[in-house]
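Asker: Here it is, the structure, as structure tokens.
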Amino acid sequence: MTATAAYTTRLSRHSYSTLRSIQGPLLFVEKVSDARMSEAVRIVFPDGHEAAGEVLRIEGDTVLIQVIGDSRGLDMDHTEVVFTDSVKRAPLSPGVLNRTFGGSFQPLDGLPMFVPERWAPVSGFPLNPVARERPQEFIETGLSCIDGLNTLVKGQKLPIFSCAGLPSSAIVASVLAHARSGGVNVAGTGSGSVVVFVALGLAHHEYAFYRQTLERLQGDFVAFINLARDPVVERLLAPRFGLSVAEYLAFEQGRDVLVVITDMTNYCDALREVSTAREELPGRRGYPGYLYSDLASLYERAGRIKQRPGSVTLLPVVTMPEDDITHPIPDLTGYITEGQIVLSRELHQRGIFPPVDVLPSLSRLMQRGIGKGHTREDHRKIANALYMHYASGRDLRRLEAIVGRESMGDSDKRMLDFAEAFEREIVHQGDARRGIGETLDLSLALLQKFGLSA
Amino acid sequence: MSGRIIGISGPTVSVDLAGLKLYERVVVGEAGLMGEVVRLERGRAVVQVYENTRGLAIGEPVVGTGTQLTARLGPGLLRQMFDGLQRPLAAMHQSQGPFLLPGGTGAGTTAAMKLRFTPTKSRGDAIRVGESVGYVDEGAFRHPILAVDCEGTIDEIKDGEIGLEEAVAALTDGRRVFACHDWPVRLPRPYRRKLSRFEPLTTGQRCIDFLFPLARGGSAIFPGGFGTGKTLLEQSIAKFAEVDIVVYVGCGERGNEMAEMLDDFTVLSDPWSKRPLMERTIVVVNTSNMPVAAREASIYTAITMAEYYRDLGYNVLLLADSLSRWAEALREISAALEEMPGEEGYPTYLGSRMAEFFARAGVVETLDGRIGSLTVLLSISPPGGDFSEPVTQACLRNTGAFFMLDTSLAHRRHFPAINWFQSFSLYEADVVAQLDQQVAAEWGALRQRTRALLQREESLREVAEIVGTEGLQEADRLLMRTTARIRQTFLAQNAYTEDAFSTPAQTYQKIRQLLDEHQAASERLERGESPAHDAEVHPS
């Protein structure tokens, strides 16, 4: 029996009005004869409108149901819960391309829903580690601080750690507009690439900005939009829909998929809200103890598969609460992802764009994606030299703050100047796109100017 | 014996099956998910399911197996990759495609394997429990076949080709000795006695081998925040360590990194035996998106296989990355069981479970009279890089060595980012005494000098923070130049170059040269000459 059939052809209608209690978004339903863990349910309100729900726990004939969406207007006597006999699934078809959906996969662009080719469980299945292809194909983002020093490769998951008020959206937009792999635009028609964009709890002005970016892409995209005013629980669902679609497009349709999820902090807060409503034991800062496993179930869906074309590359945006990188959200994210791009408030205030602090930034999969055959033979040497000299320049800034520049030796002054120039000339690039060749040439020139070898 | 599901909550399932034993393995639901009994009440048992319970329905059947969670031990484990429940991943890839579907077993892949058995006992010989009756060849290793649970007089013994599941010998009382056997993973394997001897275990990492040496049969932890190079260090040690067998557990970590490692391991060779690296390696991998309960089981599955090779008389190294993910899995399961939480939500038995795990390391005289060792090396991922958290603290009470990975060193791209002031090794005295004899008589003396120099540098650094390096004495500036070289060329090792591995002799040569040059320059300075500026180094 296909999943589609499960939604439509039941022998008997499997529905109950035997509510025991309603606590916020949680319903306890009694005398249920047959329920499945994580089963999708429809909740029919007294006024006739419907909301989706999911089975959270089953104890004998009592079932705990999470309402997805607003639970206002439910009552004890006239509410009906309809069991669908299947877990939450995502509809899949090439028809998903260039469409915009809400957090429950409802079309937001005014067009009718496409006809699904098939349905897949939204949580996906873990990829067998031996089936994974090692990611090593260079993606040129056009940003020197990423391409030169923290190189991104296909199949990688590389989050952007931002702070409130920093231009993370402009950086994401710049990557979407400029990213190329093997000389072709990542976002472009006919290039085999697709952008899957998942907005979680975004404010309207941010959404409007991304909307424009997507429209300007002129390439294939799929968008899942959950705005700040939309139901919180949909925030847990939207990234799973996005990733199910991404896996389908990548591993069945052979496309290179770049998934942008913004903002993961809103996702985690939604998870915390739901977990508290379920009266689960809170962990650090009130987030549930399974936050790591839950985040991993999203992030780990990035990757490549042996002997199959296509890839899922993941660029989540995480806004660090209180600019604190040790906060559970960036902390657990960093433990799962293959590196991180860290933005700095200080660089932003000095007018540097993108304001990327390269010292705490890291790309774990860089080593195999650079050098001969990928970027350029001297890439590794240049990156190491830039990194080392910039780090020592930054160290000296602390000394400068204590003793003053005048009392420092000439070689120390030179390193201070180097760090400054590195930020102004390499990290800073404004709106311009730089190819990897240009990035490396500029870097070499800078090193030479200061008499440093690569 | 079968019953039905009566309740489902996260990874735990209540069943109405009577007659189950605690920790008995059960098969849950129509999909055939694997589970383990964790709590018994009258008329009700709570089962921890090792796979995702999504889609499981009330009323689905549950069957008891009568056995505990076991690992199958015998020839053919080497070169394999298993998940946390010892299911062969390559076979599952072939049978069900790239994604892991619930209920898959991948079983039956070894049944067809044929091996050549050479008996060392003959008809009429008496055997004791744990004694070997013969051996098969597994790659480069001679793999003894042990009589695990029976003793008596041999009535019949095979010679020649055997199947992996077949008996190799029969005793007069009718009991048989098999090439393979199952062992409960949570039960430490027996040995005759534990020895307290500490022979050096060379890891190939200069910072560890020289400053914080590791001993065979010992244990070590390396905690570090993200980006401090835990995984890279762990994989480097797995490649280069001077041991016979390596069991590597990827516990709740990244899938892409495992792909990278498997890729590397199939092309690299063991620097000691020059044979392909995979021939001495068993990989157990339960990535962060694979089911949590299987993650909890994975380190037990791995250490049981490691103990088995120890019992065959080999030096075994178990590497787990990371123990924190195991502890978190324990916490998730404990929360699902609604147990009273201890510190930071971890169950109060976290410490004792860990102590039991660490206690499985050691050098032993096996039941068969061989000497085998099991060394345990664990990485820890403390939240926020804060070492005061319960997992790191519980480990510190049990571990023999502590390599603290330092975020500030990592930000400077100094790898391995082992902090040389905070780290320690309790094996130091024993191992150094042996290295003095094996490598060079001044090994211990050079260590003292190096540590003194690094100590001195640290205090000078504080002065330099105030007066600037230019304001220091000439002799102190010389010292800082030397320690910068020690840090950059000796303590740091690039895992992507030839330098990734260093033998004890190379380590000795290198530090000896650095210290000699320092000595010479100091003497020149004392004579009033200018100490030659050697290669330009940037104090960083």
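The values are calculated or read from the model by the stated rules, or taken from the named source; none is laboratory data. All values derive from a computational prediction rather than experimental measurement. Every residue, glycine as well, gets a Cβ built from its backbone with ideal geometry; the counts of neighbours run over all protein chains shown. The area values use the complete protein model at the heavy-atom level, side chains included, leaving out ligands, DNA and RNA. Shrake-Rupley method; radii C 1.70, N 1.55, O 1.52, S 1.80 Å.
Asker: Being under 25 Å from B:Glu257 (Cβ atoms) and buried (at least 23 other Cβ atoms within 10 Å of the Cβ) is the filter here, so list the residues in the stretch A:344-360 that pass it.
Answerer: Step one: list which residues in the stretch A:344-360 are under 25 Å from B:Glu257 (Cβ atoms), which gives A:356-360.
Those that are under 25 Å from B:Glu257 (Cβ atoms) and buried (at least 23 other Cβ atoms within 10 Å of the Cβ): A:Val356, A:Val358.
Asker: For the stretch A:124-136, state whether one or more residues are assigned to a strand (DSSP E or B), at pLDDT 90 or above and within 30 Å of A:Ile305 (Cβ to Cβ).
Answerer: Checked against the condition, which is being assigned to a strand (DSSP E or B), at pLDDT 90 or above and within 30 Å of A:Ile305 (Cβ to Cβ), the stretch A:124-136 yields at least one hit.
Asker: Does B:Thr301 qualify as being more than 21 Å from B:Arg189 (Cβ to Cβ) and in contact (Cβ under 8 Å) with a residue 12 or more places away in the chain?
Answerer: Criteria not met by B:Thr301.
Asker: Given (1) of a type outside the set (Val, Ile, Thr); (2) within 19 Å of A:Asp220 (Cβ to Cβ); (3) outside the structural domain of A:Arg308 (by TED's automatic domain parsing), identify the lone condition not met by A:Glu80.
Answerer: The failed condition is (2).
Listed here are the residues, each with its yes/no results for (1) assigned to a strand (DSSP E or B); (2) among the hydrophobic types (A, V, I, L, M, F, W, C).
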site	(1), (2)
B:Arg39	yes, no
B:Gln48	yes, no
B:Thr53	no, no
B:Gly59	no, no
B:Val63	yes, yes
B:Gly66	yes, no
B:Arg72	yes, no
B:Pro75	no, no
B:Leu78	no, yes
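Asker: In the stretch A:400-451, how many residues are aliphatic (A, V, I, L, M) and modelled with pLDDT under 90?
Answerer: Within the stretch A:400-451, residues that are aliphatic (A, V, I, L, M) and modelled with pLDDT under 90 number 4.
Asker: Hey, could you check the stretch A:292-306 for residues that are more than 8 Å from chain B (Cβ to nearest Cβ) and farther than 18 Å from A:Lys154 by Cα and say which is surrounded by the most Cβ atoms within 10 Å (Cβ to Cβ)?
Answerer: A:Leu295
Asker: Follow-up question, since we're still on this one. Please identify the pairs in which a residue from the stretch A:239-252 that is assigned by TED's automatic domain parsing to the domain that holds A:Ala199 and in contact (Cβ under 8 Å) with a residue 40 or more places away in the chain has its Cβ atom under 9 Å from the Cβ atom of a residue that is hydroxyl-bearing (Ser, Thr, Tyr) and part of a helix (DSSP H, G or I), counting only partners at least 6 apart or on another chain.
Answerer: A:Pro239/A:Tyr267; A:Arg240/A:Ser297
Asker: Out of all the residues in the stretch A:182-212, which are at pLDDT below 90 and open to solvent by less than 20 Å² (accessible area, probe 1.4 Å)?
Answerer: Once the filter is applied, which keeps residues that are at pLDDT below 90 and open to solvent by less than 20 Å² (accessible area, probe 1.4 Å), the stretch A:182-212 yields A:Val186, A:Ala187, A:Gly188, A:Ser193.
Asker: I would also like to ask the following. Could you please find all residues in the stretch A:20-33 being open to solvent by less than 50 Å² (accessible area, probe 1.4 Å), within 14 Å of A:Phe83 (Cβ to Cβ) and modelled with pLDDT of 90 or more?
Answerer: A:Leu27, A:Val29
Asker: Shifting gears a bit: Step by step: first the residues of the stretch A:307-333, then only those that are among the β-branched types (Val, Ile, Thr) and open to solvent by less than 10 Å² (accessible area, probe 1.4 Å), then the one that is nearest to the other protein chains (Cβ to nearest Cβ). Which residue is that?
Answerer: The selected residue is A:Thr333.
Asker: Also, I was wondering about something else. Return the residue satisfying two criteria in turn: it lies in the stretch B:1-16 and is part of a strand (DSSP E or B) and touching a Lys or Arg at 6+ places or on another chain (Cβ under 6 Å), and of such residues it is least open to solvent (accessible area, probe 1.4 Å). Full working, then the answer.
Answerer: Going through the stretch B:1-16, the residues part of a strand (DSSP E or B) turn out to be B:2-9, B:12-15.
Okay, now just the ones that are also touching a Lys or Arg at 6+ places or on another chain (Cβ under 6 Å), so B:9, B:14.
Values: B:Ser9: 31, B:Ser14: 9 Å².
Across the stretch B:1-16, the extreme among qualifying residues is B:Ser14.
Asker: Okay, moving on. Report, ordered by the first and then the second residue, all pairs with beta carbons closer than 6 Å, sequence separation of six or more or different chains, a first member in the stretch B:499-521 that is open to solvent by 30 Å² or more (accessible area, probe 1.4 Å), and a second member that is in a helix (DSSP H, G or I).
Answerer: Partner pairs satisfying both residue conditions: B:Phe501/B:Phe240; B:Lys510/B:Phe490.
Asker: If you don't mind, another one. Which of (1) under 30 Å from the mean Cα position of the chain (by Cα); (2) not charged (D, E, K, R); (3) not assigned by TED's automatic domain parsing to the domain that holds B:Thr203 does B:Val467 not meet, given it meets every other one?
Answerer: Evaluating B:Val467 over (1) under 30 Å from the mean Cα position of the chain (by Cα); (2) not charged (D, E, K, R); (3) not assigned by TED's automatic domain parsing to the domain that holds B:Thr203 leaves (1) as the failure.
Asker: So, in the stretch B:47-73, exactly how many residues are open to solvent by 10 Å² or more (accessible area, probe 1.4 Å), within 14 Å of chain A (Cβ to nearest Cβ) and either hydrophobic (A, V, I, L, M, F, W, C) or touching a Lys or Arg at 6+ places or on another chain (Cβ under 6 Å) (or both)?
Answerer: Residues meeting the conditions: 3.
Asker: Which numbered condition trips up A:Phe101, out of (1) more than 17 Å from A:Leu237 (Cα to Cα); (2) modelled with pLDDT of 90 or more?
Answerer: (1)
Asker: I've got another one for you. Of everything in the stretch B:186-205, what is surrounded by 24 or more Cβ atoms within 10 Å (Cβ to Cβ) and of a type outside the set (Ser, Thr, Tyr)? Give them in sequence order.
Answerer: Correct list: B:Leu201, B:Gln205.
Asker: Output the residues belonging to the stretch A:77-136 that are aromatic (Phe, Trp, Tyr), open to solvent by 10 Å² or more (accessible area, probe 1.4 Å), in contact with a Ser or Thr (Cβ under 8 Å, 6 or more places away or on another chain) and within 14 Å of chain B (Cβ to nearest Cβ).
Answerer: Selection gives A:Trp119 alone.
Asker: Go through the stretch A:147-157 and count every residue that is in contact with a helix residue (DSSP H, G or I) (Cβ under 8 Å, 6 or more places away or on another chain) and either open to solvent by 10 Å² or more (accessible area, probe 1.4 Å) or in a loop (DSSP other than H, G, I, E, B) (or both).
Answerer: Within the stretch A:147-157, residues that are in contact with a helix residue (DSSP H, G or I) (Cβ under 8 Å, 6 or more places away or on another chain) and either open to solvent by 10 Å² or more (accessible area, probe 1.4 Å) or in a loop (DSSP other than H, G, I, E, B) (or both) number 6.
Asker: What are the pairs, 6+ residues apart or on separate chains, where a residue within the stretch A:25-48 that is under 21 Å from A:Ser275 (Cβ atoms) has its Cβ under 8 Å from a residue that is of a type in the set (S, T, N, Q) and open to solvent by 40 Å² or more (accessible area, probe 1.4 Å)?
Answerer: Qualifying pairs under 8 Å: A:Val29/A:Thr18.
Asker: Taking only the stretch A:254-269 into account, find how many residues are charged (D, E, K, R) and part of a loop (DSSP other than H, G, I, E, B).
Answerer: Matching residues across the stretch A:254-269 total 2.
Asker: Can you pull out every residue in the stretch B:312-336 that is open to solvent by 20 Å² or more (accessible area, probe 1.4 Å), in a loop (DSSP other than H, G, I, E, B) and either free of Cβ contacts under 8 Å to residues at least 60 places away in the same chain or not aromatic (Phe, Trp, Tyr) (or both)?
Answerer: The answer is B:Gly313, and nothing else.
Asker: Scan the stretch A:271-290 residue by residue and report those that are crowded, with 22+ Cβ neighbours inside 10 Å and either within 15 Å of the chain's Cα centre (by Cα) or of a type in the set (Asp, Glu) (or both).
Answerer: Residues satisfying the conditions do not exist here.
Asker: Let me ask something additional. Find the residue count for the stretch A:359-413, including only residues that are at the interface with chain B (Cβ under 9 Å from one of its Cβ atoms) and part of a loop (DSSP other than H, G, I, E, B).
Answerer: Within the stretch A:359-413, residues that are at the interface with chain B (Cβ under 9 Å from one of its Cβ atoms) and part of a loop (DSSP other than H, G, I, E, B) number 4.
Matching residues to (1) within 24 Å of B:Glu279 (Cβ to Cβ); (2) assigned by TED's automatic domain parsing to the domain that holds B:Arg370; (3) among the small types (Gly, Ala, Ser); (4) in contact with a His (Cβ under 8 Å, 6 or more places away or on another chain):
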{"site": "B:Phe198", "(1), (2), (3), (4)": "no, yes, no, no"}
{"site": "B:Cys207", "(1), (2), (3), (4)": "no, yes, no, no"}
{"site": "B:Gly217", "(1), (2), (3), (4)": "yes, yes, yes, no"}
{"site": "B:Ala220", "(1), (2), (3), (4)": "no, yes, yes, no"}
{"site": "B:Gly225", "(1), (2), (3), (4)": "no, yes, yes, no"}
{"site": "B:Leu232", "(1), (2), (3), (4)": "yes, yes, no, no"}
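Asker: Do you know which residues across the stretch B:461-496 are open to solvent by 70 Å² or more (accessible area, probe 1.4 Å), within 14 Å of chain A (Cβ to nearest Cβ) and part of a loop (DSSP other than H, G, I, E, B)?
Answerer: B:Tyr496
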